[in-house]
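Worksheet: the structure to be examined is printed underneath.
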Amino acid sequence: MDERSGLLSEDNPGGRQQSYTFTRNVLTGVLALVVSLCVFLSLAGFSVGVHVGKAFSSQTPSEDGDTSGFVPSDSPFSKDLRLQWLLKNRLPSGLPLAYQVTPDDYFEALPDDKKPKGNKGKMGPPECGHQYASGEAWDKYELQTEKMLVSTGCVIYDAAVGSIALAVGGYHDAAGMFFWSVLEPGHTAGIMNIRGNAPCKGREAFGECQDPEGTGACGLCYGDSANKSGMTAGFKNALTFRLIGDYWAYEGTTHELCPNLKRNWVWVDWKPVLGDNAWAMLLGPVHTLWLRKGGNPKLITPYAPELKLAMDFLGAVKLLRAGDTGGMYFCPRNTYYGSVGADIGGQISTENSASTLAGLKAFRYLLLKMNKPKRYAAVLADLNSLIEGILKYLKAAFLPAAGHFRTGGGYDPKTGTLKWEDEVFAVDCQSWVGSVLGADQIDTWFGKGTTLKMWEKTKSIAGYAKQSNGFVKGVGYSHNDESQVMSGEWTYGAANFLKIVATDSSYSSDVKKKLMAEAEFMVKAIKDEMQKDYTLNGQKVQAIQYANKRYLIPPELGGWWANPIPSRASTSWGVLWDANYNPLHLLGHFSSKYDM
């Protein structure tokens, strides 16, 4: 039985592949794939895409009677202007865009102090024939690349949380399309392989392979097997690149590193990251499947494509285990991550671990409710082992002297040692970890009141617009005393955390009321300062900005620019908040626990 039937996009009734040209301010890019792409991307494992079926069940409460998160498709909420933005902010193929760049000349109009600067001259990339480019050229290229990725890119985490929001709003076909038509077949309209399955030829960090020109010649190495084949992920178990697009080369652009060659700008982001995949291949699929079936596990068949994605992801997670730490590597070794470092694949990320834990717990609950013990016995054993391992890692990640969770550390398989990063602070390592573990678990490990102290520490470091009563209007990303940046997505994540503690913890009713009041205060601030009206394809919509201003996130957290433009991640979290739905729990409950 195949759960997929034909559906042609209303924007493309003939089902034809579309292409368009990129002009200076109007994003219309033309697909300009060249033969060398086939070699560069190792396009093994191509499979033909499918369209999404419209056979969806109506939503009903879950079997335990809880109705949080189950919004009838004919409710006024389904007409929410933010949901309309999520539906319409996409490429012609239907690929959901992470942002809406508005105004059209946003990047061109940036003041000089908000543009990249300080790069040094060095050899250019393969598409420019490795010719030398000056520091000024690299500055221009960095801004050009940011503009192109932000304007035309789909962040798979953003798309996944967006799909959950659409499913909660009753748009099951739109919610499922991303998983069925993009992630499961593993390609977009013009890029035929979006999974990181290049065969491992040896780990560069250990001198097993050299790739001085940065062409990807050493492949991607998952984990620390004794042989290269054991570190190679086949297409089925390879992670999806965290940022994907429909096009590789864009006609109408001039590559800033080699304008004399009249080359087009080409796609450059090939990073298969664990945390993004935990949402895109696990949390997102199981949520949308559960919601589409009305929370009735009896209607879920083993052939659902969402289950296939989740099973595929488990294979990658098992490959990425880092020794006996219980954690998983941030990404495969040899992943190119710019200036962050050659051995980014040796890092374990605390936030990624929390996202993965949430997905594993949700998937385990779904399989148990399907009640097919013989069919899923081995999978459930793997899930239990992986969950126990991540709990072990997260417990070790807490730094008692500082009162917060560390961002992660680097694991050396040669010595079996994990070197923790003790100096860096990240908000999501507190809010998301706290949401998935729950206050009772944290306080059991580290003492009563630890969760509350952790929140106070988070506010003291990263709070935005601190109030006289101790509340904050929101949070930034890390140290925020001078910057005073507010993140829409991360502030919703913090509010979600507080609501979980206020809903499901052993704290007193007075403490819970205060936490809930602070969560609602932050949400009001987001709506007052960052939720705005926009026009998209001639229709009035609403969306929530990614940040309240342009801000360079510290390099130790990834080093990307946050922009005050409409964001799929921020907007989706806003929709879910108003729907009373926690995306870190399969039933949408504001809890870290499942009734098994």
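The values are calculated or read from the model by the stated rules, or taken from the named source; none is laboratory data. Bear in mind that the values here come from a model prediction, so they are computed numbers and not experimental data. Positions of Cβ are backbone-derived with ideal geometry, glycine not excepted, and every protein chain shown enters the neighbour counts. In case anyone asks, the SASA skips ligands and DNA or RNA and just uses the protein heavy atoms, side chains included. Shrake-Rupley method; radii C 1.70, N 1.55, O 1.52, S 1.80 Å.
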Exercise. So which residues in the range 227-251 are at pLDDT below 95, open to solvent by 40 Å² or more (accessible area, probe 1.4 Å) and either in contact with a strand residue (DSSP E or B) (Cβ under 8 Å, 6 or more places away or on another chain) or part of a loop (DSSP other than H, G, I, E, B) (or both)?
Worked result: E251
Problem set entry | When residues of the range 352-390 are limited to those that are open to solvent by 50 Å² or more (accessible area, probe 1.4 Å) and among the aliphatic types (A, V, I, L, M), the one farthest from L320 (Cα to Cα) | L368
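From the list G488, G438, pick out the single residue that is within 22 Å of A402 (Cβ to Cβ), modelled with pLDDT of 95 or more and crowded, with 17+ Cβ neighbours inside 10 Å.
Step by step, each of G488, G438 is checked, and only G438 is within 22 Å of A402 (Cβ to Cβ), modelled with pLDDT of 95 or more and crowded, with 17+ Cβ neighbours inside 10 Å.
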For this session: Could you look through the range 407-435, keep only residues that are of a type in the set (S, T, Y) and more than 30 Å from W573 (Cα to Cα), and pick out the one that is least open to solvent (accessible area, probe 1.4 Å)?
Result: Y411
Problem set entry | Hits in the range 448-470 (condition: open to solvent by less than 30 Å² (accessible area, probe 1.4 Å) and part of a loop (DSSP other than H, G, I, E, B)) | G449
For this session: For W270, state whether it is open to solvent by less than 50 Å² (accessible area, probe 1.4 Å), in contact with an Asp or Glu (Cβ under 9 Å, 6 or more places away or on another chain) and either in contact (Cβ under 8 Å) with a residue 60 or more places away in the chain or small (G, A, S) (or both).
Result: no
For this session: Among residues belonging to the range 396-406 that are in a loop (DSSP other than H, G, I, E, B) and touching a residue at least 40 places away in the same chain (Cβ under 8 Å), point out the one that is surrounded by the fewest Cβ atoms within 10 Å (Cβ to Cβ).
Result: P400
Exercise. Assuming D528 fulfils every condition listed in (1) under 30 Å from T444 (Cα atoms); (2) assigned to a helix (DSSP H, G or I); (3) open to solvent by 30 Å² or more (accessible area, probe 1.4 Å); (4) not basic (K, R) apart from one, which condition is it?
Worked result: (1)
For this session: Exactly one condition in (1) open to solvent by 50 Å² or more (accessible area, probe 1.4 Å); (2) within 26 Å of the chain's Cα centre (by Cα) is not met by F497; state its number.
Result: (1)
For this session: Would you confirm whether any residue within the range 312-326 is buried (at least 21 other Cβ atoms within 10 Å of the Cβ), over 26 Å from R203 (Cα atoms) and at pLDDT 95 or above?
Result: no
For this session: Within the range 291-311, work out how many residues are assigned to a helix (DSSP H, G or I) and either open to solvent by 10 Å² or more (accessible area, probe 1.4 Å) or more than 25 Å from L394 (Cβ to Cβ) (or both).
Result: 10
